[in-house]
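Notes follow the structure.
The values are calculated or read from the model by the stated rules, or taken from the named source; none is laboratory data. Only a predicted model underlies this, so the values are computations on that prediction, with no experimental measurement involved. A quick note on method: Cβ atoms are made from the backbone with ideal geometry, for glycine too, and the neighbour counts reach across all protein chains shown. Just so you know, the surface numbers come from the protein's heavy atoms only, side chains and all, with ligands and any DNA or RNA stripped out. Shrake-Rupley method; radii C 1.70, N 1.55, O 1.52, S 1.80 Å.
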Amino acid sequence: MEKFKRVFLIVADSFGVGAAPDAALFGDEGANTLGAVCKSPFLNVPFLKSKGLFNIDGVDCGCPASHPEGCFGKARELSAGKDTTSGHWESAGLVSRQKMPVFPNGFPPEIVAALERETGRRVLCNKPYSGTEVLKVFGREQSETGALIVYTSADSVMQIAAHIDSVPLDELYSVCEKARKIMTGKYSVGRVIARPFKGDEPDYIRTSDRKDFSLQPHGEVLTDVVKAAGLQCVGVGKIGDIFCGRGLTESIHTVSNGDGMEKTCDLARRDIKGLIFVNLVDFDSKYGHRNDADGYAKALSSFDSDLKKLDLLLGEGDAAIVTADHGCDPSDVSTDHTREYVPIVAFGRRLKSGVNLGVRESFCDIGATVAQLLGLGLKTGKSFAEEIVL
């Protein structure tokens with residue numbers, strides 16, 4: 001097979017397409033992000049429909065295309081968690097067999113003491129909390145005292161929020177770097193997240209300067225392989241944070257889904273050889289976690305329009321794959337991630353039409369396919385490149 005010049009791997013963060021076989025073990029039986037969003041009158045995704053989104057096995061919402069123009073399927077997760085880090089790593093060929101720690105009762109006293117000692121600032125909250133609600137409760141005290149709002153969720157995260165006028169952004173990042181060093185061993189959360197906010201009570205809002213401090217991948221990942229081959233490997237959005245910069249030749253910050261896709265289209269106009277790896281986090285952070293199905297539907301509709309623009313920029317040597325890292329059903333009783341299959345929708349000038357990829361046994365198949373399209377190989381996953389290339 002003649003190798004491709006570029007592959008665009010786009011992760012629509014949290015865009016699950018139905019409960020995984022082990023969803024009940026995670027309390028997610030019946031979860032279906034796509035199903036929930038399909039009930040919204042605001043969903044309009046003609047491009048994804050034409051490529052086969054609603055033709056995926058087990059998808060019983062929307063209207064299947066009579067003659068899908070793309071390649072379509074879904075993948076289940078083998079990793080022990082249902083978080084951003086595990087999902088992305090597995091799509092890049094690395095399965096996480098051990099579940100990352102969570103703290104439903106807040107972080108233990110020794111962790112709080114270490115944070116206060118290393119940062120010189122007092123800790124507020126120390127409970128699981130909604131990222132917007134926590135500002136309503138603790139925002140004023142934080143902005144007046146300079147203490148740190150430290151909170152978590154059902155995911156393996158430590159989030160640290162501070163008003164940009166009381167804790168400058170550079171200091172907040174430094175605080176999170178110190179927290180990352182503290183959160184090791186049995187406390188090794190997947191991510192420490194800086195959550196700067198601005199404004200006045202009661203109208204505090206989070207800024208777009210969020211930064212994730214992730215664990216280092218514990219083995220070889222797709223980005224390592226691409227860079228080692230002398231190809232370019234560009235991370236767009238949170239990719240640089242999720243992989244700790246591993247294997248990236250360029251990392252591009254984004255402030256929204258729309259900004260992420262605009263920058264992806266800009267990259268399509270450049271003479272790049274290799275991988276463009278994109279994360280679009282708004283689906284998860286702005287809509288899934290806030291149980292906003294209509295907002296999610298509108299975001300998907302905008303994404304669909306942006307994908308059409310990207311498709312027009314693809315050349316003969318380009319391929320694009322749209323997938324996700326987990327679910328976050330906006331109709332779920334909780335606001336947490338959900339254990340779901342993720343979609344695979346692939347398209348490009350040299351890709352076949354109407355190929356049903358069925359159910360893939362691991363997200364690793366996605367990374368293996370990207371690697372093969374670029375003329376490379378991964379140690380894990382079963383590539384479907386031969387099935388989709390003309």
**Report entry** Count of segment 220-249 residues which are open to solvent by 30 Å² or more (accessible area, probe 1.4 Å) and in a loop (DSSP other than H, G, I, E, B)
**Finding:** 8
Query raised in the report: Here are some conditions: (1) in contact with a Gly (Cβ under 8 Å, 6 or more places away or on another chain); (2) more than 14 Å from Leu53 (Cα to Cα). Leu357 meets all but one. Which one does it not meet?
Result: (2)
**Report entry** segment 125-147 - residue that is over 28 Å from the mean Cα position of the chain (by Cα) and open to solvent by less than 20 Å² (accessible area, probe 1.4 Å) and, of those, nearest to Val167 (Cα to Cα)
**Finding:** Gly146
Query raised in the report: Given the conditions (1) under 20 Å from Ser305 (Cα atoms); (2) touching a strand residue (DSSP E or B) at 6+ places or on another chain (Cβ under 9 Å), and given that Pro41 satisfies all but one, which numbered condition is not satisfied?
Result: (2)
Query raised in the report: Scanning for something surrounded by fewer than 22 Cβ atoms within 10 Å (Cβ to Cβ), within 16 Å of Thr119 (Cβ to Cβ) and touching a residue at least 24 places away in the same chain (Cβ under 8 Å), does segment 148-157 turn up at least one residue?
Result: no
Requested in this report: Determine if segment 204-219 includes at least one residue that is surrounded by 15 or more Cβ atoms within 10 Å (Cβ to Cβ), of a type outside the set (Gly, Ala, Ser) and over 28 Å from Leu9 (Cα atoms).
Outcome: yes
Report task. Give Gly185, Gly190, Gly199 a once-over and let me know the one that is touching a strand residue (DSSP E or B) at 6+ places or on another chain (Cβ under 7 Å) and either surrounded by fewer than 23 Cβ atoms within 10 Å (Cβ to Cβ) or of a type in the set (Val, Ile, Thr) (or both). Result -> Gly199
Report summary line: Checked segment 183-209 for anything within 18 Å of Ala147 (Cα to Cα) and either of a type in the set (A, V, I, L, M) or under 18 Å from the mean Cα position of the chain (by Cα) (or both); matches are Val192, Ile193, Ala194, Arg195, Ile205
